[in-house]
Amino acid sequence: MARMVQPLVKVEQLEKRFGEVRALDRVSFEVEAGEWIAIMGPSGSGKTTLINVLGGLDRPSAGRVEVDGLEIGNLGERELTRYRADKIGFVFQQFHLVPYLTALENVMLAQYFHSITDEKEAAEALGRIGLSDRLNHVPAELSGGEQQRVAIARALINQPKLLLADEPTGNLDEANEAIVLKLLHELNESGHTILVVTHSQAIGNLADRRIELEHGRLARISAPSLAKE
Amino acid sequence: MFLRILWKLLGASRGRLAVALIALTSGAAVCSALLNVNLDAERKLTQEFRTLGANMVIAPPAAAGGEAALADAAILDRIAALRLPDLVATAPYLYVAANSGSQPVILAGTWFDQVAKMNSWWKVEGGLVSARDDREHCLVGFTAARQLGLTLGSPVQLRSGDRSVSLTVAGIVTTGGAEDNQILTDLDSAQALAGLPGGISLVQLSISGTSPEIEQAAQTLAKNLPGLDVRPIRQIAAAEGTILPRVQGLLFWTIALILVLSMLGVLASMAALAMERRRDVGLMKALGGTVQQIMRLFLAEAGTLGVLGGFLGFLVGLVLARWIGERTFGVVTSPRLAVLPITIALTVGVALAGAIPLRLLGLVRPADILRGE
């Protein structure tokens, strides 16, 4: 008898309303562990809202969202915070590093909120992405690409189940975009599940599947990597 | 990591935190000074009160038929033997009906040195007699001097029966009391004139302390001087008992007001700081930081400011207390180490209360912040 493999992310009839505005309208899809998903669509189509709901930053208005077997719509505030610390890694377009903490401390901050800090482990994480010589620099002393790499190291330090990236290369030049994409690709290759919100067709083409939204509705799911083959 | 982030937080908002620290230090300085003064106020005020005359009288009970009773001067030795710790001055009095020329006058024989100690507020033309056994000079009450036509340096001859004594007027006193109508001489001269060696009419005492302490002294005296009436002068004791709590109440409410004003200063700085920190808090929550973890950081920051402000304020307050003590009581206020923990505790309380805007950051929704709202 074939063993049923549970998807890592299961979204069923998800709705998110802001007053009268329906940002997400009956969206359903599943994501397997280890997949790289690109979430695409025009501005205002609900991409960031979807990421926020999956990351436990916003609550669904209706429908079901299950991540790693956890129904996040039912979680209380405290459990939702724990969910974010344990299972989610965020990467934002604006980097969102704490400006008065060094690169090392920004990574350790995620450790601190998760459990206990390990300076050596944080330094190694930054070393793996080529920032060994930037450990004690504050964000203002780093380039955009370096800041985004610090954000990625921070997102991964607690070994999250799901990496959610919202326009991670939106504020980067081409050279730094290439570095970050290579990094994301390597992470995916090593088994990380990644959902990336992007406007870029190039990034969309790197994903295993593309989830396209329009006016909050799921327009289509395609598999560009299969097409490439 | 907690201390590391706390240190960075303190460094990151130096400007705003400096303003809050100034508010806290100023408040703590005034509180520390007033607390120091408050602790000294009781001692200083009771010392001040003791310059305002006697607050206890010891006299024999009135004799039958209204005759003035006399006590033996030996009771002065018994009072001295009790070694009352707060006894400021002891003045025996013997009142004698005498004549100056044809004019009757009351002569009060006493110990000049003790009278001077007990009644430094008397208005004196000329000078008080300072030697206890000065048999050449007398003090004349203002009204008596006018009636008898006496001025400074006037010779005065007092007669009682066939005894007489000659004195020179050393000072004319205005007290607003019975002394204005009397002539004050040394006790021995009065006893000689009255022919009552060793006789005294009463003893006035000036005892330092609070109302309960004076009552306690009265009980001790009464127990050890049987057959004599020991009477605290209630009006003075009561006035002392009323003024001290009022002064302390005034200091208390001033401290409370200062603390509220400091808190408002801190509140203003923290409100601005809270606006700056919204993004950081949103991010921390997104990373999985609980409200408790984040608030612990901010409250520790406010608490650190409170401890620092309290300590600095205590030091400044010592200088301030010294100045207030000199201005108000004419003496240096002693620094009290007990004020340090109280000042720090109050300042930490004010800092935490002033950090309410930071506590409201716990309500920040990370999705709103990360969206840029």
* **Qualifying positions in segment B:324-339 - touching a helix residue (DSSP H, G or I) at 6+ places or on another chain (Cβ under 8 Å) and either in contact (Cβ under 8 Å) with a residue 40 or more places away in the chain or assigned to a helix (DSSP H, G or I) (or both)** => B:Ile324, B:Gly325, B:Thr328, B:Phe329, B:Val331, B:Thr333, B:Ser334, B:Pro335, B:Arg336, B:Ala338, B:Val339
* Asked: Among the candidates B:Gly303, B:Gly288, B:Gly313, which residue alone is in contact with a His (Cβ under 7 Å, 6 or more places away or on another chain), of a type outside the set (Phe, Trp, Tyr) and buried (at least 17 other Cβ atoms within 10 Å of the Cβ)?
  -> B:Gly288
* Asked: Is segment A:192-212 home to any residue that is closer than 21 Å to B:Leu283 by Cβ, touching a helix residue (DSSP H, G or I) at 6+ places or on another chain (Cβ under 8 Å) and of a type in the set (Gly, Ala, Ser)?
  -> no
* Residues in segment A:170-191: is at least one in contact with a Leu (Cβ under 9 Å, 6 or more places away or on another chain) and in a loop (DSSP other than H, G, I, E, B)? -> no
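Yes/no per residue for (1) closer than 26 Å to B:Leu196 by Cα; (2) among the small types (Gly, Ala, Ser); (3) touching a residue at least 12 places away in the same chain (Cβ under 8 Å):
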site: B:Ala116; (1), (2), (3): yes, yes, yes
site: B:Val124; (1), (2), (3): no, no, yes
site: B:Ala131; (1), (2), (3): yes, yes, yes
site: B:Asp134; (1), (2), (3): yes, no, yes
site: B:Thr143; (1), (2), (3): no, no, yes
site: B:Leu148; (1), (2), (3): yes, no, yes
site: B:Gly153; (1), (2), (3): no, yes, yes
site: B:Leu158; (1), (2), (3): yes, no, yes
site: B:Asp162; (1), (2), (3): yes, no, no
* Looking at this structure, is A:Val150 assigned to a loop (DSSP other than H, G, I, E, B), among the hydrophobic types (A, V, I, L, M, F, W, C) and within 14 Å of chain B (Cβ to nearest Cβ)? -> no
* Go through segment A:188-209 residue by residue and tally those that are without any contact (Cβ under 8 Å) to a residue 40 or more places away in the chain and under 20 Å from A:Lys87 (Cβ atoms). => 1
* Asked: Can we say B:Leu370 is more than 14 Å from every other protein chain (Cβ to nearest Cβ) and either outside any helix (DSSP H, G or I) or in contact with a Phe, Trp or Tyr (Cβ under 8 Å, 6 or more places away or on another chain) (or both)?
  -> no
* Asked: Taking interchain pairs and intrachain pairs at least six residues apart, which have beta carbon atoms under 6 angstrom, with the first residue in segment B:285-302 and more than 9 Å from chain A (Cβ to nearest Cβ) and the second assigned to a loop (DSSP other than H, G, I, E, B)?
  -> B:Ala302/B:Ala355
* B:Gly227, sole failed condition from (1) outside any helix (DSSP H, G or I); (2) surrounded by 19 or more Cβ atoms within 10 Å (Cβ to Cβ); (3) not acidic (Asp, Glu) -> (2)
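Would you check which residues across segment A:25-56 are away from chain B (no Cβ under 14 Å) and more than 14 Å from the chain's Cα centre (by Cα) and list them?
Those that are away from chain B (no Cβ under 14 Å) and more than 14 Å from the chain's Cα centre (by Cα): A:Asp25, A:Arg26, A:Val27, A:Ser28, A:Phe29, A:Glu30, A:Glu32, A:Gly41, A:Pro42, A:Ser45.
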* To do: Please list, ordered by first then second residue, the pairs with beta carbon atoms under 7 Å, 6 or more apart or interchain, first in segment A:138-152 and in contact (Cβ under 8 Å) with a residue 40 or more places away in the chain, second assigned to a helix (DSSP H, G or I) and β-branched (Val, Ile, Thr).
  => A:Gln148/A:Val180; A:Val150/A:Val107
* What is the one condition in (1) in the same structural domain as B:Gly303 (by TED's automatic domain parsing); (2) at pLDDT below 85 that B:Pro61 does not satisfy? -> (1)
* Asked: Counting only residues that are buried (at least 21 other Cβ atoms within 10 Å of the Cβ) and either within 14 Å of chain A (Cβ to nearest Cβ) or not in a helix (DSSP H, G or I) (or both), which one in segment B:266-279 is nearest to the chain's Cα centre (by Cα)?
  -> B:Leu273
* Could you list, in sequence order, all residues of segment A:210-222 that are in contact (Cβ under 8 Å) with a residue 40 or more places away in the chain and out of contact with any Phe, Trp or Tyr (no Cβ under 8 Å at 6 or more places or on another chain)? => A:Arg210, A:Glu212, A:Leu213, A:Glu214, A:His215, A:Gly216, A:Arg217, A:Ala219
* To do: Those residues that are within 11 Å of chain B (Cβ to nearest Cβ), among the charged types (D, E, K, R) and touching a residue at least 60 places away in the same chain (Cβ under 8 Å), I need them from segment A:57-88; list them, please.
  => A:Asp86, A:Lys87
* Does segment B:101-144 hold any residues that are within 22 Å of B:Ala192 (Cβ to Cβ), outside any loop (DSSP other than H, G, I, E, B) and not hydrophobic (A, V, I, L, M, F, W, C), and which are they? -> B:Gln103, B:Pro104, B:Gly109, B:Thr110, B:Asp113, B:Gln114, B:His137, B:Gly141
* Asked: Does A:Pro7 satisfy being of a type outside the set (Gly, Ala, Ser), closer than 23 Å to A:Ser222 by Cβ and assigned to a loop (DSSP other than H, G, I, E, B)?
  -> yes
* Inside segment A:75-106, can you point out the residues that are within 24 Å of B:Leu9 (Cβ to Cβ), over 16 Å from the mean Cα position of the chain (by Cα) and of a type in the set (A, V, I, L, M, F, W, C)? -> A:Val98, A:Leu101, A:Ala103, A:Leu104
* Asked: Which of the residues that make up segment B:160-188 are loosely packed, with under 15 Cβ neighbours inside 10 Å, out of contact with any Ser or Thr (no Cβ under 8 Å at 6 or more places or on another chain) and part of a strand (DSSP E or B)?
  -> B:Arg163, B:Ser164, B:Ser166
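Listed here are the residues, each with its yes/no results for (1) touching an Asp or Glu at 6+ places or on another chain (Cβ under 7 Å); (2) more than 30 Å from A:Gly56 (Cβ to Cβ); (3) at pLDDT 90 or above; (4) of a type in the set (Asp, Glu).
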| residue | (1), (2), (3), (4) |
| --- | --- |
| B:Leu340 | no, yes, yes, no |
| B:Gly349 | no, yes, yes, no |
| B:Gly354 | no, yes, no, no |
| B:Val364 | no, no, no, no |
| B:Asp368 | no, no, no, yes |
* To do: Please work out which one of (1) in contact with a Ser or Thr (Cβ under 6 Å, 6 or more places away or on another chain); (2) outside any strand (DSSP E or B); (3) of a type outside the set (Asp, Glu) is the condition B:Leu221 fails and give its number.
  => (1)
* Residue tally, condition among the aliphatic types (A, V, I, L, M), within 12 Å of chain B (Cβ to nearest Cβ), under 22 Å from B:Phe2 (Cα atoms) and not in a loop (DSSP other than H, G, I, E, B), over segment A:89-140 -> 6
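The values are calculated or read from the model by the stated rules, or taken from the named source; none is laboratory data. Just so you know, these numbers come straight off a predicted model, no measurement behind them. Note that we place each Cβ from the backbone using ideal geometry, even for glycine, and neighbour counts take in every protein chain shown.
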